[in-house]
Amino acid sequence: MSFVVLLFFFGLLIAIIYGDAEKRFLTLVIGTVLFPNVALFTTNPSISPQHIILYVYFVVEFFKNRENFNKSVFSNLLTIPIALNIISYVFTAVYNSGIASKDMYYGVRDSIDCLGYIYAAYICARQVDIKQFAIKLIPFIYVICICGIIEIMLSDNIPYRLVCRAFPHYNGSFDLDSKVSLIESWRLRTFFTTKHPTAFGMLLMTLFLFYLPYLKNKAFEHKKILTALALLALNIFLCGSRTALVCAVLGVALLIYDKMAPLMKILIAGMLIFSFSALFAIMLENFQTSHAGKGSSLDFREKQLLFTLVTISHSPIFGNGNKFTSHVIFAEETRAHNSSGEDLGGLESVVFSLLIDRGFFGLFSYYLLLLWMFILLFRHRKNALISSGFALAVAGTAFVTLSGTIGNCSQFLFLLAGYQLGEINKDKLEESGPELIEQADDKA
């Protein structure tokens, strides 16, 4: 079976190299989901199938359509926040280790592996209609969801074992020679071929919000969209990520709220303000106290916050260095503990890892990017095909804030939101007329 997995992987690379723009991006999405970042070709440097697929995608786009590539990279809607993020990586490296250092290399790699997915989606969206992409992706969504259900039935994640065993190195925490399952006595948990149920939850949640507007779109078969949404909703429950469930509900609530009449919005807002104390108490009851083996909680995150503040006390602006969290705090031989020796888990919020690695400047630049995405998508929410974009941005921001980016799960948000941003750019050019498009092409 390892041979089949490797053959499929190289088949995806061939599809990227020889396929058209639509096929290249679909292949990128499928490969990003199917190959977790714990499956590696090499460990030093760390090269996973995910990395190779992303890098090959950029190389092919550069040589096949350099004009579109240059426009997408150097004059897109997120140029300012992305530039600030890159500057943050550079300043962190220079401050901690100097310009010619591993820290700088880690910063370059991390910026590509994180922000590259926005660019990849943006590049494709300028060429390929979003409806075609959404239609072509539906069969893969069926596969993801059916595998999630089978994982529950068998109490074994067979796809994950098959994929990870096919590559020379494995950097995960499971024994691949026995059953792989995170199902617990008090909750179901699935993660398909992602690193963790949290990452799988982010994937399911982003897909659910991405497809929700298409339910009433005449260009799509109603039964296909309804089936996909039902399967995604079921798997959000089965994956056992409370964050995914809460953020999916938040996204749907925002979409419903946005469609209400102004008076109704005021009434609902007033009711929420008055009932906030009761809602907050319910949330606290569910998330406040951590019981043995029963997941993260608010008091657990409070300990993580205190640990973070102590860790950055000598370098609050630029942090301790790129990849400091993963390469030092969570190095293979160590675990993060507080002053009392209590295990601090995985620092379940992107706030903690950003502060430790890149300081307050890195935290500011990252959330500025998310805010910028939200503003752009909110302004263009009247476009029926991307009307859920602003809700997706809010839900994704809440997700990484609450549960972090386990398994680089932010890539799923950036792929789908990035495609919607590319659609905005295309709409602007179409509204400007052919003359303005021709002028823009000449300037580029």
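Remarks
- Residues whose amide H falls under 5 Å from that of Gly240, counting only those 5 or more places apart or on a different chain, are Thr190, with hydrogens built in the peptide plane.
- Charge dipole of the chain about the Cα centre (unit charges at C-beta), most positive-ward option of Ala125, Asn408, Leu40: Ala125
- With both labels modelled 7 Å from their Cα along Cα-to-Cβ, the Tyr105 to Ile135 distance reads 4.7 nm.
- Ellipticity at 222 nm from helices only: DSSP H runs of n ≥ 4 in the chain, each -39500 (n - 2.57), divided by the residue count, give -22500 deg cm²/dmol.
- The 3J(HN,Hα) values that the Karplus relation (6.51, -1.76, 1.60; θ = phi - 60°) gives for segment 384-401 are, in residue order, 4, 6, 10, 5, 8, x, 5, 5, 4, 5, 5, 5, x, 5, 4, 4, 5, 6 Hz. Gly and Pro appear as x.
- For segment 125-132, backbone phi angles converted through the Karplus equation (6.51, -1.76, 1.60; θ = phi - 60°) give residue-by-residue couplings of 5, 6, 10, 10, 5, 5, 5, 5 Hz, Gly and Pro being listed as x.
- Remark: the Val249-Leu371 segment gains 41.9 nm on full extension, using 0.36 nm per residue and subtracting the alpha carbon distance.
- Max mean-square fluctuation residue, GNM over the chain, Cα-Cα springs under 10 Å, options Lys71, Lys223, Lys195: Lys223
- Simple spin-label estimate for Glu22 and Arg187 in nanometres, 7 Å along Cα-Cβ: 4.0
- Cα-centred dipole magnitude for the chain, charges only on beta-carbon of K, R (+1) and D, E (-1), debye, nearest 20: 700
- Label-reachable residues, segment 146-182, where backbone N falls under 18 Å from a point 7 Å from Asn44's Cα toward its Cβ: 168-172
- In this structure the amide hydrogen of Ile47, modeled in the peptide plane, comes within under 5 Å of the amide hydrogens of Phe41, Thr42, none closer than 5 places in sequence on its chain.
- Whichever lysines have a C-alpha closer than 21 Å to that of Lys382, once near sequence neighbours (fewer than 8 apart) are set aside: Lys131, Lys216, Lys218, Lys259, Lys265, Lys426, Lys428
- Highest average first, the peptides 362-369, 314-321 ordered by how many other beta carbon atoms sit within 10 Å of their residues are 362-369, 314-321.
- The overall shape of segment 119-192, judged from the alpha-carbon gyration tensor, is prolate: a/c is not under 1.5, and a/b is greater than b/c.
- Shown are Met373, Met271, Met153, whose ranking by accessible area with a 1.4 Å probe and every protein chain present, most to least, is Met153, Met271, Met373.
- Within the same chain, lysines fewer than 8 places from Lys195 are excluded, and of the rest, those with a Cα less than 22 Å from its Cα are Lys179, Lys294, Lys323.
The values are calculated or read from the model by the stated rules, or taken from the named source; none is laboratory data. Here the structure is a predicted model, which is why all the values come from computation and not from measurement. In this analysis, Cβ positions are derived from the backbone assuming ideal geometry, glycine residues included, and neighbour counts consider all displayed protein chains. Just the protein is used for accessible areas: all its heavy atoms, side chains included, with ligands, DNA and RNA removed. Shrake-Rupley method; radii C 1.70, N 1.55, O 1.52, S 1.80 Å.
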